[in-house]
Amino acid sequence: MKPVISSIEIENRVIVAKYQRLMVGAKVVLVEKASDRPLPETITRVASRVPVGALRIRLPDAIKPGTYFLKAFNGHGEDAARSVDFEIH
């Protein structure tokens, strides 16, 4: 089954994303939708050996309001999952 980023919550400039079937070592990055540009300062890795969980990304002050999505890459650097689009205000 394909990995999934199932929900996104944002509070106090922290993104909490729930995931399923992402393996330990997978990377997740915030991507600006308009430019399709990943923001390297937001990269986080899945550290849990359990393939279901949640991860947190603290948004740097430089992140501007707009439409974004999260993109996950497996341990080989291949696309694994993508979240729905969401707004940062």
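The values are calculated or read from the model by the stated rules, or taken from the named source; none is laboratory data. Treat the numbers as computed from the prediction; the structure is a model and nothing was measured. A quick note on method: Cβ atoms are made from the backbone with ideal geometry, for glycine too, and the neighbour counts reach across all protein chains shown.
Applying the criterion of being at pLDDT 95 or above and charged (D, E, K, R) to the residues of the stretch 46-63, the residue that is nearest to the chain's Cα centre (by Cα) is R56. Each residue in the stretch 1-48 was checked for being acidic (D, E) and within 16 Å of V84 (Cα to Cα), and 3 pass. With respect to the stated conditions, A62 is small (G, A, S) and under 14 Å from R13 (Cβ atoms). Number of residues in the stretch 66-89 that are touching a residue at least 60 places away in the same chain (Cβ under 8 Å) and of a type in the set (G, A, S) equals 4.
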